[in-house]
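The structure appears right after this line, and notes come after that.
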């Protein structure tokens, strides 16, 4: 099994359905390579065997027999249908969640994954699940079509606006598995990544009680000052990357999906409704928790709320990071992102 | 009804009169080219245009591959990258692959293969070229006013929200569609009404059958594309919300309508290529096709069943499991027709008299790549596998094996095969073989690693990618350079041959097909005497009466 995966460059099979799918994969691709090589080699052999001896050489008329044709057609169709029968049965398995599956709600938007668990817990980009339990995801998109894809589980399902789709899996190996958005969804499509964290039963129970902070594998410096040499600005950078803030906000003054953080702290900001506010600690914190309360003029209402997702320590670290950038140098001249007019599009979709 | 559209007839076997100037020499002014209704000149106009669009699409492809040398931004920004892959797709699909073989070689060869003087509607034929130019210019204009970043599939709601120049590009594609319909209509009517005496349906060269089947798809499917693209235009420009769920629309409906055209469009692209294969194999093997009827009817089978498989693009898009299963079975069926053709071509070689020339070398590349690409397509119709592969590089590799490994390879085979007929000159054979080998090797090194990338889970249309994929991406990029060198050397020796290539003579390959039974380049009205069509296009059991000039 592992050799097969290595030859096919497949990632490890972390779900209960992965093995049977990979076996079919090996069967189908093996036959494919054999057949294409066989056709090529036969053509090459005929070319050598029946090479032209004289320029005006004549050949006799050879035609197919009905029996030969029928035999070939039946053989090919039979092989294809066999693949389909196996593949369709697996497809039904992949699509049909067991009735006792635990449900997690998935909210996709440009360019992040939000997960809401049955106990009211929420998380961004990291989906934590227990080992050996079927998990059913009920998914919807806030904006355009996304596609929830976990290669390690061999599952994928488009996430549509205005309609719920489902996907299920049961992890059989603990560890982390990347989530990738597989349906093109705009400029930061390739940054719309997350991960599934599969925990053993006891560790999962601990996570349910205490959240990320008590996990052995969790980043150590979650609370300011928790680590001796804790540098709050560095921690802020780590948080900004972990929480994908940098997918929309730049640190160097370049314009992007959201306002840049460079020279933001303490500056006066014009809001969508014409109000002018000073970007102080309170404003920055409120913008993380209620992003749509004070939208900066010229930007779209698209940032999700991080209420409950960011710990107090993480918020403090982010604010500290933004404060450290208040005297950042002017953006590098000449290297600007191409004019990106998503900023000018108002909610509702009509371009200016 | 059959007509015999010959200006004057001479007894078979009479020596060719040098007084008949070729279609290139009758008039040489620019005006005579731009206002021509000669199907051969229109074919040449199309060929020149399409080679230019192919070069442009190829440029974007090279830029995309260059960007993927490193996992992080390499030479461009995310937005530029998104525009590049969109333009690459739009140009290659609509401005090159769909019109490529039908509009260039079909226009030039189809009437000659029927023994006709021209197509049924010569002025409509010229109009189709102008319509194509207008559409192409609109598509290219969109690059200068913001580009377009939706991917060639234009999926809403993203395409309805995208701030880029979506309406302009879509209108361009919409207009190009009219050119496709006009050409298809012309070929259907020509095949029905313009066949010369002695050219019955079962005496037509197989290339005509494939173009005929293609034309049926073009005429029936293109209107659906036109409609759905207009819907996106009004969604984007006027905010109608036909596909926007927040206003009661349905984005999945778009996908059904889009693929209802765009899956058959795959056969629009590859069927003419299959026609080229049938011609080239028979000529260089000096042999009748193993089963003429099987090849001819499988073209029609593909055209028909091809309309019933579109749902296999949507196995994970949100469709009922039963529907998905039905589309899976039908997709298996359509592949059987292609498999029938492949076996027939291979067995045509048996007991032939085979000369391995550049076009046949391209056909061998076609056989390997098309079988591999086609069977990976069957593999994705084994539905559980598609759940993993959908929208990954596996799919990218699969359709490039069909589109480039199939259609482009057949296009190059046709270009080499018919170059002497179109220009009256030969190209350097050894350089041709060398370039063909480079193209094949470059192609394989470019796209085979992409199957592995897809297996590993790399999604398509990713600007940045996880670092563990870099090795395969670098191999793929290096392969694209080899491919580019092969294509550029091909371009160079063709340009050289236009002027300095040795005279080809009427029938340098000794083919029996009808287009070779006249001078190269052909006279203005194709034939200067009644072609001896009682000897069929694949009859190599007896010498041609006029074979030795």
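Scanning the range A:1-51 for residues that are free of Cβ contacts under 8 Å to residues at least 40 places away in the same chain, under 30 Å from residue A:172 (Cα atoms) and more than 8 Å from chain B (Cβ to nearest Cβ) yields A:1, A:2, A:3, A:4, A:5, A:6, A:7, A:19, A:23, A:26, A:30. Residue check: residue B:477 meets all listed conditions (1) more than 23 Å from the chain's Cα centre (by Cα); (2) surrounded by fewer than 22 Cβ atoms within 10 Å (Cβ to Cβ); (3) closer than 25 Å to residue B:43 by Cα but one, namely (3). Scanning the range A:163-181 for residues that are buried (at least 19 other Cβ atoms within 10 Å of the Cβ), more than 12 Å from residue A:111 (Cα to Cα) and facing chain B (nearest Cβ under 7 Å) yields one hit, A:165.
Quick one: which residue in B:490, B:541, B:528, B:518 is in contact with a helix residue (DSSP H, G or I) (Cβ under 8 Å, 6 or more places away or on another chain) and farther than 22 Å from residue B:408 by Cβ? So that I can check it myself, show each step before the final result.
Details: B:490 fails: farther than 22 Å from residue B:408 by Cβ; B:541 fails: in contact with a helix residue (DSSP H, G or I) (Cβ under 8 Å, 6 or more places away or on another chain); B:528 fails: in contact with a helix residue (DSSP H, G or I) (Cβ under 8 Å, 6 or more places away or on another chain).
From the options B:490, B:541, B:528, B:518, the qualifying one is B:518.
Is it true that residue B:220 is part of a helix (DSSP H, G or I) and either under 19 Å from the mean Cα position of the chain (by Cα) or at positive phi (or both)? Taking the combined requirement at face value, the residue satisfies it. Which of the residues spanning the range A:286-307 are closer than 20 Å to residue A:241 by Cβ and in a loop (DSSP other than H, G, I, E, B)? Listed by number, the residues that qualify are A:291, A:302, A:303, A:304, A:305, A:306. Scanning the range B:496-510 for residues that are buried (at least 18 other Cβ atoms within 10 Å of the Cβ) and out of contact with any helix residue (DSSP H, G or I) (no Cβ under 9 Å at 6 or more places or on another chain) yields a total of 0. I'm trying to understand the selection: among the residues of the range B:521-549, which are under 26 Å from the mean Cα position of the chain (by Cα) and modelled with pLDDT under 90? Scanning the range B:521-549 gives no hits.
Take the conditions at pLDDT below 95, facing chain B (nearest Cβ under 9 Å) and under 17 Å from the mean Cα position of the chain (by Cα) and apply them to residue A:63. Does it pass?
No: the conditions fail for residue A:63.
The values are calculated or read from the model by the stated rules, or taken from the named source; none is laboratory data. This structure is a prediction, so every number in the text was calculated from the model and none was measured. Cβ coordinates were reconstructed from backbone atoms using ideal geometry, including for glycine residues, and neighbour counts include every protein chain displayed.
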